[in-house]
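Peer 1: Here it is, the structure, as C-alpha cells.
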Amino acid sequence: MKHFIVTFLFLFTASVSADAQFLKNLETAIKNAAGNQTTQQKATAGKAEKSTKKSAAPESAMPLFTNDGWGRIKLGMNANNLPNKLPGYYDLLDCSSFDMGGSCYTGYLNGNKGDVMFETSENEIILNVCVTYTGVRCSNGIYVGMPLANLKKIRGLKRATDGTSNYVVGRIMVLVDETKVIGLAVNAL
C-alpha cells in the first residue's frame, strides 16, 4: 500500500499541490479498500471461489478506463457537472476543499469509500482520476485485480520511473501490490 500512496502523490502533486486533507482522504480510502478485500477474503476462506471487493457494475456494463479518465468522469471536465449519484460509479460523492484551491472528490459505492477519487483545480476542472474497483478495465486488457504475472505480458507496459513497483502504459499508471493490479490512475499532465 505504501507504493500506491507514493505513486499517487508523485503523479498528482505535479498537477495540483497536495494538501494534508487530500493525503488523509487518500490514505483512508486505501486502508478501507484493503480492509474490505481482507474481510471478504476471510469470509470465503476454504471455498473454491475467492471473493474480492464488489465491482462497480457488471463487467459488461462497466466503462473503460482510458487516457482521458473513466467513463463519464473525464479529465478536463468541470466536476460541478457530475451528479451526487452516478449508478455504477458511486452512490454518494463527497468533496473536500484544499486550502490552496481545488477539491478532492471521493466516491462511495455500496458503502465502500475511495473506490473512485479525483482531484480538481480551483475552478473545479478534473485534473486526475484514480479507480480501485475490482474489474475496471482498460482497452488493452489490463484490469484491477489482474495477476502481476499476466500484467507483465501486456504490450507497451513500462516500469514507472518514480522508484515504485508500479507500471505505466500510455498515460495510465497501473498501481500494483506484490501479486496483482490494485488500481488505475491518470492525470492531465
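The values are calculated or read from the model by the stated rules, or taken from the named source; none is laboratory data. As the structure is a computational prediction, the values presented were derived from the model and not from experiment. Cβ atoms come from the backbone with ideal geometry, glycine included; neighbour counts cover every protein chain shown. What goes into the accessible areas is simple: the full protein's heavy atoms, side chains included, and nothing from ligands, DNA or RNA. Shrake-Rupley method; radii C 1.70, N 1.55, O 1.52, S 1.80 Å.
Peer 1: Would you be able to tell me the number of residues in region 76-101 that are touching a Phe, Trp or Tyr at 6+ places or on another chain (Cβ under 9 Å) and crowded, with 18+ Cβ neighbours inside 10 Å?
Peer 2: So the count comes out to 6.
Peer 1: Does region 159-173 contain at least one residue that is among the hydroxyl-bearing types (S, T, Y) and either in contact with an Asp or Glu (Cβ under 9 Å, 6 or more places away or on another chain) or under 30 Å from N81 (Cβ atoms) (or both)?
Peer 2: Yes: one or more hits.
Peer 1: Does D162 fit the bill of being modelled with pLDDT under 90, farther than 15 Å from T66 by Cα and of a type in the set (D, E)? Give the derivation first.
Peer 2: Working: modelled with pLDDT under 90: yes; farther than 15 Å from T66 by Cα: yes; of a type in the set (D, E): yes.
When the stated conditions are applied, D162 passes them.
Peer 1: Show the residue pairs meeting these rules: Cβ distance below 6 Å; 6+ apart or different chains; first residue within region 168-189 and over 22 Å from I125 (Cα atoms) and touching a residue at least 40 places away in the same chain (Cβ under 8 Å); second residue among the small types (G, A, S) and open to solvent by less than 10 Å² (accessible area, probe 1.4 Å).
Peer 2: Close Cβ pairs satisfying both conditions: L175/G183.
Peer 1: Then there is this: Among the residues of region 112-140, write down those that are part of a loop (DSSP other than H, G, I, E, B), under 13 Å from I172 (Cα atoms), of a type outside the set (S, T, Y) and open to solvent by 30 Å² or more (accessible area, probe 1.4 Å).
Peer 2: Residue satisfying the conditions is N140 alone.
Peer 1: Okay, next question. Looking only at region 93-130, count every residue that is touching an Asp or Glu at 6+ places or on another chain (Cβ under 7 Å) and of a type in the set (V, I, T) and tell me the total.
Peer 2: So the answer is 1.
Peer 1: Within region 83-111, can you find the residues that are of a type outside the set (D, E, K, R) and not in a strand (DSSP E or B)?
Peer 2: P83, N84, P87, G88, Y89, F98, M100, G101, G102, N110, G111
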